[in-house]
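To start, I am sharing the structure in question, which I have written as structure tokens.
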Amino acid sequence: MPYFLTLGRSADLTLTPYLSPETRTLEMNYRQAFRRGGVIFEGALSQDEILPDDLRYYVFGQGLFALPRGFRLGFGIETVSDKAYLLDYGYSGN
């Protein structure tokens, strides 16, 4: 069951926990709007039976801003704890 948290007038965070005998996972989605753009970050953190001694995770983020004189600034980040994590948890389509 997701938990939606309002973090002011222009930001929010959704947390979705998942618990099973094989894994404990927390998914997150953070959004924030600014006057000239916005950012979005999504990810998950897991402790599971596949790699029991490691925390597994992924974080994807992107932002886009309109700057003066018609310029635009954008960024994107992607990081993952291990190559198999996205496939193991079905995040490969992200």
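The values are calculated or read from the model by the stated rules, or taken from the named source; none is laboratory data. None of the values given here were measured: they were computed from a predicted structure. In this analysis, Cβ positions are derived from the backbone assuming ideal geometry, glycine residues included, and neighbour counts consider all displayed protein chains. Areas reflect the complete protein model, heavy atoms only, side chains present, ligands, DNA and RNA absent. Shrake-Rupley method; radii C 1.70, N 1.55, O 1.52, S 1.80 Å.
I'm checking my understanding of the structure. Among residues of segment 22-35 that are farther than 21 Å from residue 74 by Cα and open to solvent by less than 60 Å² (accessible area, probe 1.4 Å), which one is farthest from the chain's Cα centre (by Cα)?
Checking each candidate, the answer is 23.
Restricted to segment 3-16, and to residues that are modelled with pLDDT of 95 or more and either open to solvent by less than 50 Å² (accessible area, probe 1.4 Å) or of a type in the set (Gly, Ala, Ser) (or both), which residue is farthest from residue 78 (Cα to Cα)?
10
Still on this structure: Determine whether residue 31 is farther than 21 Å from residue 88 by Cβ and not in a strand (DSSP E or B).
no
Another question about this same structure. Filter segment 36-94 for residues that are touching a Lys or Arg at 6+ places or on another chain (Cβ under 8 Å) and of a type in the set (S, T, N, Q); which is least open to solvent (accessible area, probe 1.4 Å)?
Per the stated criteria, the residue is 46.
Given the conditions (1) at pLDDT below 95; (2) within 20 Å of residue 2 (Cβ to Cβ); (3) open to solvent by less than 40 Å² (accessible area, probe 1.4 Å), and given that residue 19 satisfies all but one, which numbered condition is not satisfied?
That leaves (3) as the condition not met.
Can I ask one more? What residue, among those in segment 1-28 that are part of a loop (DSSP other than H, G, I, E, B) and out of contact with any Leu (no Cβ under 9 Å at 6 or more places or on another chain), is nearest to residue 84 (Cα to Cα)?
The extreme case among them is 22.
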